[in-house]
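Heads up: the structure comes next, in structure tokens.
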Amino acid sequence: DTGVSQDPRHKITKRGQNVTFRCDPISEHNRLYWYRQTLGQGPEFLTYFQNEAQLEKSRLLSDRFSAERPKGSFSTLEIQRTEQGDSAMYLCASSLGDSPYEQYFGPGTRLTVT
Amino acid sequence: GNSVTQMEGPVTLSEEAFLTINCTYTATGYPSLFWYVQYPGEGLQLLLKATKADDKGSNKGFEATYRKETTSFHLEKGSVQVSDSAVYFCALRGYQKVTFGTGTKLQVIP
């Protein structure tokens, strides 16, 4: 079991640039989740996929954010026109199903917007 | 909506001391409850879970009991080690997404 992987682990970008992150879930998991974690806070839910369908989006996910999971396997999270407030750790998680199954988290991508 | 409240840190303990980190929750229905741990520079790891009232989750000497009557899920360990130094997150899962507390940093000194 290789676990959830995320790429890149760190990204530094200038304000106004676009960035894209990738998440590879555990292979048999059909649920995939994106969270954002800022310093000193717990992760906050952004969006969720069941297979390739995006089923829920948080109000935190402004229209500059878009997420895809085209074949129901890996997922990408794109942020357009980055702002300094986007600086955070972006976490991906996957799950075999809904509650009570637990979510397994990747190591995260730390984004710094300068 | 769902919410989780956990005690603020940092918590500093000497090695072999007893640990309690308080966690209470607000949720509709019957959520599953979790404790996750985040070691420095690493991602979140599931520490333990409980899926129904009166369940006790345990792992690596840590324990927590799902108390529906007090809506609590306090984390305990009888004797902490330096290697337990990390940030601990209490969390609940209502159906799909997980709602986290703000985390409690634990520092164990030799």
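The values are calculated or read from the model by the stated rules, or taken from the named source; none is laboratory data. Remember, predicted model here, so these are calculated numbers, not experimental data. Reconstructed Cβ throughout: ideal geometry from the backbone, glycine too, with neighbour counts over all protein chains shown.
Brief remarks on what is shown
- Unique residue being within 22 Å of B:Ala27 (Cα to Cα) and assigned to a strand (DSSP E or B) when the list is A:Leu46, A:Leu32: A:Leu46
- The stretch A:87-114 residues that are more than 15 Å from B:Val98 (Cα to Cα) and facing another protein chain (nearest Cβ under 9 Å), paired with ones that are surrounded by 16 or more Cβ atoms within 10 Å (Cβ to Cβ) and modelled with pLDDT under 90 (beta carbon under 6 Å, 6 or more apart): A:Pro107/B:Gly43; A:Gly108/B:Gly43
- Taken over the stretch A:70-114, residues that are surrounded by fewer than 20 Cβ atoms within 10 Å (Cβ to Cβ), modelled with pLDDT of 95 or more and part of a loop (DSSP other than H, G, I, E, B) amount to 6.
- The set of residues in the stretch B:56-83 that are surrounded by fewer than 18 Cβ atoms within 10 Å (Cβ to Cβ) and closer than 19 Å to B:Ser3 by Cβ comprises B:Arg67, B:Lys68, B:Glu69, B:Thr70, B:Thr71, B:Ser72.
- Looking only at residues of the stretch A:54-79 that are among the charged types (D, E, K, R) and over 15 Å from A:Lys11 (Cα atoms), we find that the one that is nearest to the other protein chains (Cβ to nearest Cβ) is A:Glu56.
- A:Thr82 in contact with a Gly (Cβ under 8 Å, 6 or more places away or on another chain), among the hydroxyl-bearing types (Ser, Thr, Tyr), over 25 Å from B:Tyr39 (Cα atoms) and more than 14 Å from chain B (Cβ to nearest Cβ): yes
- Taking first residues from the stretch A:55-67 that are closer than 20 Å to A:Asp24 by Cβ and partners that are of a type in the set (Asp, Glu), the Cβ contacts under 6 Å between residues at least 6 apart in sequence or on separate chains come to A:Ser66/A:Glu78.
- Unique match (being surrounded by 13 or more Cβ atoms within 10 Å (Cβ to Cβ) and at pLDDT below 95) among B:Ala27, B:Ala86, B:Ala53: B:Ala27
- One residue from B:Ser14, B:Ser3 being within 27 Å of A:Arg110 (Cα to Cα), among the small types (Gly, Ala, Ser) and surrounded by fewer than 17 Cβ atoms within 10 Å (Cβ to Cβ): B:Ser3
- Segments classed as strands (runs of 3 or more DSSP E), wholly inside the stretch B:1-71, with at least 3 members that are in contact (Cβ under 8 Å) with a residue 60 or more places away in the chain: B:3-6, B:11-14, B:32-38
- Extreme residue, farthest from B:Tyr39 (Cα to Cα), among residues of the stretch B:51-110 that are within 12 Å of chain A (Cβ to nearest Cβ) and touching an Asp or Glu at 6+ places or on another chain (Cβ under 6 Å): B:Tyr95
- Residue match in the stretch B:88-96 (condition: in contact (Cβ under 8 Å) with a residue 40 or more places away in the chain, more than 26 Å from A:Glu44 (Cβ to Cβ) and not in a loop (DSSP other than H, G, I, E, B)): no
- Selected residue (criterion: farthest from the other protein chains (Cβ to nearest Cβ)) from residues of the stretch A:21-43 that are more than 15 Å from the chain's Cα centre (by Cα) and farther than 10 Å from A:Leu96 by Cβ: A:Ser27
- Filter result for B:Tyr36 (within 10 Å of the chain's Cα centre (by Cα), aromatic (Phe, Trp, Tyr), within 30 Å of A:Cys23 (Cα to Cα) and surrounded by 13 or more Cβ atoms within 10 Å (Cβ to Cβ)): yes
- Leading residue by the ranking (surrounded by the fewest Cβ atoms within 10 Å (Cβ to Cβ)) among those in the stretch A:32-58 that are closer than 30 Å to B:Gly41 by Cβ and aliphatic (A, V, I, L, M): A:Leu39
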